[in-house]
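The values are calculated or read from the model by the stated rules, or taken from the named source; none is laboratory data. Since this is a predicted model, take the numbers as computed values, not measurements. Note that we place each Cβ from the backbone using ideal geometry, even for glycine, and neighbour counts take in every protein chain shown.
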Amino acid sequence: MTAEVWLVDVGRSEISFSLRHLIVAQISGQVRRWQAVLRIDPERPALSSVEAVLDASSIDTGEVERDDHIRSPEFLNVVRFPQILFRSQVITHVAGNRYRVGGDLTLRNTTREVTLEMEDLGRKTGEAGRAITCFRAHAQINRQDFGLHWNQDLDTGGIVLGDKVEIKIAIEAARDHAAAEPSPRGQ
């Protein structure tokens, strides 16, 4: 079987994140520049894969000073580690249109296993007759696991930032008919 190659339309997709700020508030933001390729085996989803490359300097929380701090050596250190990478390792069907995508997330040159809870929203024919597929996914990571230790104690008790980072992903991808590939495991 040949895997179908789907190129993510970043202009119609989104990677967003949020974490606790000052214990009760929340900081949220997006990754503005990134690219991803999906290789989908429609008959055997477990043989499918996803690879994504995110430009760490494109993190945007809507506040310039905070974004500069996030890009600094205290956080992402984008000069030294300009990319955030994700590569799936295993895809498991959960039920209906839901899947669990386990993979390696590399952030600040530290790689950890991450599980995305994914929903396949289906396939349609889009503009100019192009085949379109859409997915939604979410995950939670602990920023400490990736060496993101910066924090400050509050005079009133507690700390400035929480450790849990919620990640939400919305994908629209178009089929790349010119790049059909053999199934990754040769089956």
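Condition check ((1) loosely packed, with under 14 Cβ neighbours inside 10 Å; (2) in contact (Cβ under 8 Å) with a residue 40 or more places away in the chain) across all residues:
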site	(1), (2)
Gln26	yes, no
Arg32	no, no
Gln35	yes, no
Ile40	no, yes
Glu43	yes, yes
Ser48	no, yes
Ser57	no, no
Val64	yes, no
His69	no, no
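Among the residues of region 9-30, those identified as modelled with pLDDT under 95 and of a type in the set (A, V, I, L, M) are Val10, Leu19, Leu22, Ile23, Val24, Ala25, Ile27. When residues in region 97-144 are screened for being part of a helix (DSSP H, G or I) and without any contact (Cβ under 8 Å) to a residue 24 or more places away in the chain, 4 of them pass. Scanning region 119-143 for residues that are crowded, with 16+ Cβ neighbours inside 10 Å and over 15 Å from Asp9 (Cα atoms) returns Asp120, Ala137, Ala139, Ile141, Arg143.
Residues that are closer than 17 Å to Ile15 by Cα and crowded, with 16+ Cβ neighbours inside 10 Å within region 86-105 comprise Phe86, Ser88, Val101, Gly103, Leu105, listed in sequence order.
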